[in-house]
Amino acid sequence: MNFRSILQDEVEQVFLNTDEFAEEITLNGQLVKAHVVWISRDASLGQTPGLAQERLRLHVAEQAAPEDTDDGVELELNGNSWTIESSQRCSGILVLTLTKPGITQGQW
């Protein structure tokens, strides 16, 4: 076994393990394991009261990721439309930073 295959095993057995960090999500209609990290709910969209931008970071195995991960591409996550803000590949994992407009809590 080389280092790359050992690392890939660790990614699947720990980081993308639903008993550890990951959860099952629907990504573009397919069930995949991912680690989801909510980044922020930025309430500064054009100084408009009640509007916000939700952001999250999604870690998925490269082989389970959508083909098109360019910035600005829309994808479906658990039935909701999100926009790719950025993407980065690292040791078999694709890290996607996603955004979508939202409503700040307590406003509606």
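The values are calculated or read from the model by the stated rules, or taken from the named source; none is laboratory data. Keep in mind the model is a prediction, meaning the values are calculated, not measured.
Before moving on, here are some points about what is shown:
- Within the option set Q53, Q88, being at pLDDT 90 or above and assigned to a strand (DSSP E or B) holds for one residue only, Q88.
- Scanning the range 10-24 for residues that are over 17 Å from the mean Cα position of the chain (by Cα) and at pLDDT below 70 gives E10, Q13, V14.
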